[in-house]
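Let me begin by presenting the structure, written as structure tokens, before commenting on it.
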């Protein structure tokens, strides 16, 4: 079976997967999964602030927090890094649920936009509205892409940006097959029936 190979650069990964595909999730009503991927996307942006490999363990907290500090403009993200890491990112990634300190919702569920990042009166939990969170994330992605191109010296991991992030293989009969980064450009694989 012949495959057409496409290498996704870090920039394409941000634009296609982190922005376009997460937007599709939200548009389709998969808000909960969008929250999870936004959290992982924040950590991905932070990985360029160190020179360690993307696959190195024990870097999640530092990467998540530095991305909030460096790329998010709202002061809420800067002053609540610890809470967001533990109660949002940590709970969603490890337990597939938010902590008891967070309320996740959407504009489609009738939550007023002005409640985004505010505490609810009854339970005193931080409300995060997926559409607003995603808008903040998209701005962070755009800030990241602008900064890493214009000021690459400010990013200890800037060499990771120029490497292919992963490969996409397309063929008749299959939509897409994703492969990990670091595979040889000439490397092919076969699907055995």
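Just so you know, all these numbers are worked out from the coordinates, no wet-lab data involved. Quick caveat: nothing in here was measured; it's all calculated off a predicted structure. Cβ coordinates were reconstructed from backbone atoms using ideal geometry, including for glycine residues, and neighbour counts include every protein chain displayed.
Computed values, structure above
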item	result
Nearest-0.05 FRET efficiency for residue 24 and residue 149, computed from C-beta distance (R0 30 Å)	0.70
Point-to-point label distance, residue 73-residue 97, nm (Cα→Cβ direction, 7 Å offset)	3.7
Label zone at residue 123 (point 7 Å along Cα-to-Cβ), backbone N below 14 Å, the stretch 65-107	88, 97-106
0 to 90° range, to nearest 10: angle between helix 31-46 axis and the chain longest Cα axis	70
Full-extension gain in nm, residue 32 to residue 15, via 0.36 nm per residue minus C-alpha separation	4.1 nm
Answer label, with log10 I(q)/I(0) by the Debye sum over Cα atoms at q = 0.11, 0.16 Å⁻¹ calculated from the coordinates and candidates [x] -0.56, -1.27; [y] -0.49, -1.02; [z] -0.55, -1.06	[z]
Average Cα contact separation per residue, the stretch 9-155, under 8 Å, 6 or more apart, as relative contact order %	22
For the stretch 73-156: relative contact order, % (alpha-carbon pairs under 8 angstrom, 6 or more apart)	21
Degrees between helix 130-150 axis and first principal axis of the chain (Cα, 0 to 90, nearest 10)	50
